[in-house]
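> Here you go, one structure.
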């Protein structure tokens, strides 16, 4: 009798824990509560005010995961992602906020969590991005809306492309055909002896000068672009294709290949080999963008070979991967020079 009583007591005590574990296990599977499939895939969106974002949501074996681009910077893995029973997608990311402190010489660092709340309706997505204010009271929010991107098509046959009439982007004399991006930015661009020069110099001890990016007034679809570029020691720039995809310009001579180094598709595609020259030397670039694939030949060496591009890069000025767009040159990171810029349209 005592044995039976003890057995019943054990069951009564541990049954709630067993039940709780079962419920928790069930909640680990988001598909038990909401439809994940409407969110999985690549999303490109415009951010209210300015800027472009991109989100890749995917279902791994036992969890959700995602990569996020928000305005500038790199495409990065998110901190966490989950879907509520009401069908709202929550995406979080973290960053460090350095604080000055009067108590000792070690600054205080806060880990700040920002988050996205998004809803999908068919091929459309809308939502808000929220981040706590630096002062510790309240949040700032930005509305965004965009579309789900179809799969990237197969790699095109580059040998079979039909080319149109070449367009000379820079006449070597003045800035005809170009305009500054942003009325609040300083124009460091000028034409000097056949060279398009960005003299974006900072004065030590003075407030930082906010130099502007330069874009073509014309817009283009798929194309081949050839140019020569000279990047000074320690400087940084970029060539944006259709205003969306940045080919990095950087003094990275002697460094390992990286998507953040010379010729890489910024934060997306790393060069196959390091083919850059030392700072201060003229370097040639041959770039082909067609059918959402990019090829980059740097100094006569193919460093990106007909690779798919899944979405915009940081600093993009448009989110529609199918729309025509300008060539724009990054001018807010440092001095750089360009010459012999020739764009040949690809006739699809």
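The values are calculated or read from the model by the stated rules, or taken from the named source; none is laboratory data. Just so you know, these numbers come straight off a predicted model, no measurement behind them. With ideal geometry, Cβ positions are generated from the backbone for all residues, glycine too; neighbour counts draw on all protein chains shown.
> From 180, 149, 197, which residue is without any contact (Cβ under 8 Å) to a residue 40 or more places away in the chain, in contact with a strand residue (DSSP E or B) (Cβ under 7 Å, 6 or more places away or on another chain) and surrounded by 14 or more Cβ atoms within 10 Å (Cβ to Cβ)?
Numbers: 149 fails: without any contact (Cβ under 8 Å) to a residue 40 or more places away in the chain; 197 fails: without any contact (Cβ under 8 Å) to a residue 40 or more places away in the chain.
Every option except 180 fails the conditions.
> While we're looking at this one, here's another question. Give the stretch 156-192 a look and list any residue that's part of a strand (DSSP E or B) and more than 22 Å from residue 211 (Cβ to Cβ), or say none.
Correct list: 162, 163, 167, 168.
> Can you pull out the residues in the stretch 237-258 that are crowded, with 19+ Cβ neighbours inside 10 Å and more than 17 Å from residue 195 (Cα to Cα)?
Here is the first cut: in the stretch 237-258, the residues crowded, with 19+ Cβ neighbours inside 10 Å are 237-252.
If the condition is that a residue be crowded, with 19+ Cβ neighbours inside 10 Å and more than 17 Å from residue 195 (Cα to Cα), then 240, 241, 242, 243, 244, 245, 246, 247, 248, 250, 251, 252 are the ones that fit.
> Let me ask something else. Tell me the residue from 78, 52 that is at pLDDT 95 or above, within 24 Å of residue 240 (Cβ to Cβ) and crowded, with 19+ Cβ neighbours inside 10 Å, please.
Details: 78 fails: within 24 Å of residue 240 (Cβ to Cβ).
When all the criteria are applied, what remains is 52.
> Being assigned to a strand (DSSP E or B) and assigned by TED's automatic domain parsing to the domain that holds residue 305, is that true of even one residue in the stretch 133-143? Even if it seems obvious, please write down each step before you answer.
Within the stretch 133-143, the first condition is being assigned to a strand (DSSP E or B), and the residues that meet it are 139-143.
Still in the running and assigned by TED's automatic domain parsing to the domain that holds residue 305: none.
No, that holds for no residue.
> Please state which of the following conditions residue 153 fails to meet, knowing it meets all the rest: (1) at pLDDT 95 or above; (2) under 22 Å from residue 342 (Cα atoms).
Among (1) at pLDDT 95 or above; (2) under 22 Å from residue 342 (Cα atoms), residue 153 violates only (2).
> A further question follows. Could you please let me know if residue 71 is within 25 Å of residue 260 (Cα to Cα), in contact with a strand residue (DSSP E or B) (Cβ under 7 Å, 6 or more places away or on another chain), touching a residue at least 40 places away in the same chain (Cβ under 8 Å) and not assigned by TED's automatic domain parsing to the domain that holds residue 247? Walk me through how you get there before you give the answer.
On the way: within 25 Å of residue 260 (Cα to Cα): yes; in contact with a strand residue (DSSP E or B) (Cβ under 7 Å, 6 or more places away or on another chain): yes; touching a residue at least 40 places away in the same chain (Cβ under 8 Å): yes; not assigned by TED's automatic domain parsing to the domain that holds residue 247: yes.
Yes: the conditions hold for residue 71.
> Go through the stretch 59-68 and give me each residue that's exposed (fewer than 15 other Cβ atoms within 10 Å of the Cβ) and either within 17 Å of the chain's Cα centre (by Cα) or under 24 Å from residue 260 (Cβ atoms) (or both). Full working, then the answer.
As a first pass, look at the stretch 59-68 and keep what is exposed (fewer than 15 other Cβ atoms within 10 Å of the Cβ): 59-63, 65.
Result: 65, single match.
> Would you check which residues across the stretch 165-176 are closer than 27 Å to residue 296 by Cβ and surrounded by fewer than 15 Cβ atoms within 10 Å (Cβ to Cβ) and list them?
Here is the first cut: in the stretch 165-176, the ones closer than 27 Å to residue 296 by Cβ are 165-172, 175.
If the condition is that a residue be closer than 27 Å to residue 296 by Cβ and surrounded by fewer than 15 Cβ atoms within 10 Å (Cβ to Cβ), then 165, 166, 168, 171, 172 are the ones that fit.
> In the stretch 302-317, is there at least one residue being more than 19 Å from the chain's Cα centre (by Cα), crowded, with 19+ Cβ neighbours inside 10 Å and on the phi < 0 side of the Ramachandran plot?
yes
> On to the next question. What is the one condition in (1) touching a residue at least 40 places away in the same chain (Cβ under 8 Å); (2) farther than 13 Å from residue 55 by Cβ; (3) in the same structural domain as residue 50 (by TED's automatic domain parsing) that residue 89 does not satisfy?
All conditions pass for residue 89, except number (2).
> When you scan the stretch 29-95 for strands (runs of 3 or more DSSP E) that lie fully inside it, which ones turn up with 1 or more residues that are touching a helix residue (DSSP H, G or I) at 6+ places or on another chain (Cβ under 9 Å)?
Numbers: elements: 41-47, 52-59, 64-70, 72-77, 80-83.
Correct list: 52-59, 64-70, 80-83.
> Which ranges mark the strands (runs of 3 or more DSSP E) fully within the stretch 209-327 that have 2 or more residues being without any contact (Cβ under 8 Å) to a residue 40 or more places away in the chain?
On the way: elements: 213-216, 223-230, 236-241, 245-250, 282-290, 293-298, 301-308.
Because the criterion is at least 2 residues that are without any contact (Cβ under 8 Å) to a residue 40 or more places away in the chain, the strands (runs of 3 or more DSSP E) in the stretch 209-327 that meet it are 245-250, 293-298, 301-308.
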